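Asks: Take this structure first; my questions come after.
The values are calculated or read from the model by the stated rules, or taken from the named source; none is laboratory data. On a predicted model such as this, the values are computed, not experimentally measured, just so you know. Glycine also receives a Cβ, built like all others from the backbone with ideal geometry; neighbour counts cover every protein chain displayed. What goes into the accessible areas is simple: the full protein's heavy atoms, side chains included, and nothing from ligands, DNA or RNA. Shrake-Rupley method; radii C 1.70, N 1.55, O 1.52, S 1.80 Å.
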Amino acid sequence: MAKLGKRARAAREAFEGKENLTIEEAVALVKNNAKAKFDETIEIAMNLGVDPRHADQMVRGVVGLPNGTGKDVRVAVFARGAKADEAKEAGADIVGAEDLMETVQNGEINFDRCIATPDMMPIVGRLGKVLGPRNLMPNPKVGTVTMDVAEAVKGAKGGEVQFKAEKAGVVHAGVGKASFDEEKLVENVRAFVNAVAKAKPSGAKGTYMKKIALSSTMGPGVTIDVATAATE
């Protein structure tokens, strides 16, 4: 425990007095202070000036991180026949229909992304109370309800990240690993920020991006200068 205390104190000292940094500065600070014994995830959190309880203020979307997430994403696909075969060939981890629905209803959710063909939605719709709170419900707006299941599976496996504003208007996601080169992390962070900027809803009033913070799994966070974060 003493070592953890020293590590935490050292990290706090490194971050003390530093805020509203450029993306490059924030990435360097967070990466260099990710000292855990495992490969920490670099996480971004964005406070947005929206109330997602109103439909015209909901922020959601998907972004393909240019350098991937560094995470092995497990993908489940609801499909039948040729589309089920297509999903398997593309690398889906779990493929099924009613059988998969029963598995999920029984509490077995061994996947990180869920994709469905449109004809499967009456079945998937019964799982809304299970998949919805976990942000796993397939949605055509983010490309997870589609006939092109192969492309959707490849995207999910290749570094696509979904985002959705929570009740307080916060969007967060993992944008890489501490082991990534700084340049790759910077590219990922900028891609994510730009995607959220483009997803600004019609009902958003006043300041849209209020605060952006970057941290590692076990480390403290640092704020990023909002004015310079988005480039598009």
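Asks: Can you name the number of the only condition in (1) surrounded by 19 or more Cβ atoms within 10 Å (Cβ to Cβ); (2) touching a Lys or Arg at 6+ places or on another chain (Cβ under 8 Å); (3) of a type in the set (A, V, I, L, M) that residue 193 fails?
Replies: (2)
Asks: Give me the pairs: first residue in the range 199-212 and open to solvent by 90 Å² or more (accessible area, probe 1.4 Å), second residue among the hydroxyl-bearing types (Ser, Thr, Tyr), beta-carbon distance under 7 Å, and six or more apart or on different chains, which are they?
Replies: Matching pairs, first to second residue: 200/208; 211/223.
Asks: Can you confirm whether the range 30-52 contains a residue that is assigned to a loop (DSSP other than H, G, I, E, B), of a type outside the set (A, V, I, L, M, F, W, C), modelled with pLDDT under 90 and open to solvent by 50 Å² or more (accessible area, probe 1.4 Å)?
Replies: Yes, there is a match, as at least one residue in the range 30-52 is assigned to a loop (DSSP other than H, G, I, E, B), of a type outside the set (A, V, I, L, M, F, W, C), modelled with pLDDT under 90 and open to solvent by 50 Å² or more (accessible area, probe 1.4 Å).
Asks: Something else about it: What's the number of the condition residue 159 fails, among (1) surrounded by fewer than 16 Cβ atoms within 10 Å (Cβ to Cβ); (2) under 14 Å from the mean Cα position of the chain (by Cα); (3) over 26 Å from residue 54 (Cβ atoms)?
Replies: (1)
Asks: If you don't mind, another one. If I ask for residues that are touching a Leu at 6+ places or on another chain (Cβ under 8 Å) and under 24 Å from residue 219 (Cβ atoms), which ones from the range 188-207 would you list?
Replies: 188, 189, 191, 192, 196
Asks: Another question about this same structure. Looking at the range 6-24 only, could you name the residues that are at pLDDT 70 or above and either assigned to a loop (DSSP other than H, G, I, E, B) or under 23 Å from the mean Cα position of the chain (by Cα) (or both)?
Replies: Answer for the range 6-24, where residues must be at pLDDT 70 or above and either assigned to a loop (DSSP other than H, G, I, E, B) or under 23 Å from the mean Cα position of the chain (by Cα) (or both): 16, 18, 19, 20, 21, 22, 23, 24.
Asks: Going by the conditions given, is residue 72 surrounded by fewer than 15 Cβ atoms within 10 Å (Cβ to Cβ) and either farther than 27 Å from residue 43 by Cβ or charged (D, E, K, R) (or both)?
Replies: When the stated conditions are applied, residue 72 passes them.
Results for (1) of a type in the set (Asp, Glu); (2) in contact with a helix residue (DSSP H, G or I) (Cβ under 7 Å, 6 or more places away or on another chain); (3) at pLDDT 95 or above, shown as yes or no for each residue.
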position: 117; (1), (2), (3): no, yes, yes
position: 146; (1), (2), (3): no, yes, yes
position: 149; (1), (2), (3): no, yes, yes
position: 166; (1), (2), (3): yes, no, no
position: 185; (1), (2), (3): no, yes, yes
position: 195; (1), (2), (3): no, no, yes
position: 206; (1), (2), (3): no, no, no
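Asks: If you don't mind, another one. Taking the options 181, 225, name whichever one is of a type in the set (D, E, K, R), under 27 Å from residue 39 (Cα atoms) and open to solvent by less than 60 Å² (accessible area, probe 1.4 Å).
Replies: 225
Asks: Just to be sure, is residue 224 in contact with a Lys or Arg (Cβ under 9 Å, 6 or more places away or on another chain) and touching a residue at least 24 places away in the same chain (Cβ under 8 Å)?
Replies: Yes.
Asks: I'd like to verify a number: residues in the range 139-167 that are of a type outside the set (S, T, N, Q) and more than 12 Å from residue 61 (Cα to Cα), how many?
Replies: The total comes to 16.
Asks: Give me a count of the residues in the range 111-135 that are hydroxyl-bearing (Ser, Thr, Tyr) and either open to solvent by 70 Å² or more (accessible area, probe 1.4 Å) or without any contact (Cβ under 8 Å) to a residue 12 or more places away in the chain (or both).
Replies: Matching residues across the range 111-135 total 0.
Asks: Follow-up. Say we look at the range 87-106 and pick out the residues that are within 13 Å of residue 130 (Cα to Cα) and without any contact (Cβ under 8 Å) to a residue 12 or more places away in the chain; which of these is least open to solvent (accessible area, probe 1.4 Å)?
Replies: Filtering first and then ranking leaves 103.
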